[in-house]
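A short write-up of the structure that comes next.
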Amino acid sequence: MRARLLNETSDYGEPQIEIYFGDGHKNEIITLTEKGDFELSDRELSYRKITREQLESDEDSWIYYQDRKYESQTMYERALKLVEKINS
């Protein structure tokens, strides 16, 4: 069994992991849905082309969280840990 973190997130900004079972069937994609915290992930910041410093100094930073379509740092770290465990 092997896994990889997909570059794309779900429609709601949640990280997705593709799992290869190696059994001849289609690969599975799982989505982590718990936001965990309200801190944008490093990957989300890169996608939005802003730095953490810009986010923290922006008085209107709430707008990034308004639609709840973002990947949190906790979700991203959990996804990386899952991929690491599956691949070990």
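Only the coordinates and a few stated rules stand behind these numbers; no lab work does. On a predicted model such as this, the values are computed, not experimentally measured, just so you know. No Cβ is skipped: glycine too gets one built from the backbone with ideal geometry, and neighbour counts run over all protein chains shown.
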>> Apply the a/c threshold of 1.5 to the C-alpha gyration tensor of the stretch 14-57 and tell me whether it is rounded, prolate or oblate.
In response: prolate
> If amide H atoms are built 1.01 Å from N in the plane of the peptide, which residues on other chains or at least 5 residues away come under 5 Å of the amide H of Ser72?
Replying inline: Ser41
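How would you rank Tyr64, Tyr70, Tyr12, going from fewest to most other Cβ atoms within 10 Å of each one's own Cβ?
Numbers: Tyr64 17, Tyr70 22, Tyr12 13.
Ranked by crowding around the Cβ, least crowded first: Tyr12, Tyr64, Tyr70.
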> Rounded to the nearest 20 Debye, what is the dipole magnitude of the chain about its Cα centre when Lys and Arg each give +1 and Asp and Glu each give -1 at the C-beta?
Replying inline: 460
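With a 10 Å Cβ neighbour count serving as the proxy for reagent exposure, in which order, fewest first, do Glu71, Glu84 appear? Working shown, then result.
On the way: Glu71 25, Glu84 11.
Fewest-to-most ranking of Glu71, Glu84: Glu84, Glu71.
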> What share of all Cα pairs of the chain, in percent, falls into each consecutive 5 Å distance bin?
Replying inline: 3, 14, 24, 21, 15, 10, 7, 4, 2, 1, 0
>> Taking θ = phi - 60°, what integer Hz values does the Karplus form 6.51 cos²θ - 1.76 cosθ + 1.60 yield along the stretch 40-53, in sequence order, with x for Gly and Pro?
In response: 4, 6, 4, 5, 5, 4, 4, 4, 7, 6, 9, 9, 4, 5
> Full extension from Leu6 to Lys49: what is 0.36 nm times the residue separation minus their Cα-Cα distance, to one decimal in nm?
Replying inline: 13.6 nm
> What residue among Leu32, Leu45, Leu55 has the largest mean-square fluctuation in a Gaussian network model of the chain, using Cα springs under 10 Å?
Replying inline: Leu55
> What angle do you read, to the nearest 10 degrees and between 0 and 90, between the alpha-carbon axis of helix 73-87 and the longest principal axis of the chain?
Replying inline: 20
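Expressed as a rounded percentage, what relative contact order does the stretch 6-70 have, with Cα pairs under 8 Å and six or more residues apart?
Working: 53 pairs, mean separation 19.9, N = 65.
The value is 31 percent.
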> What aspartates and glutamates could a cross-link reach from Lys26, if we take a straight Cα to Cα line under 16 Å and drop same-chain neighbours fewer than 8 places away?
Replying inline: Glu18
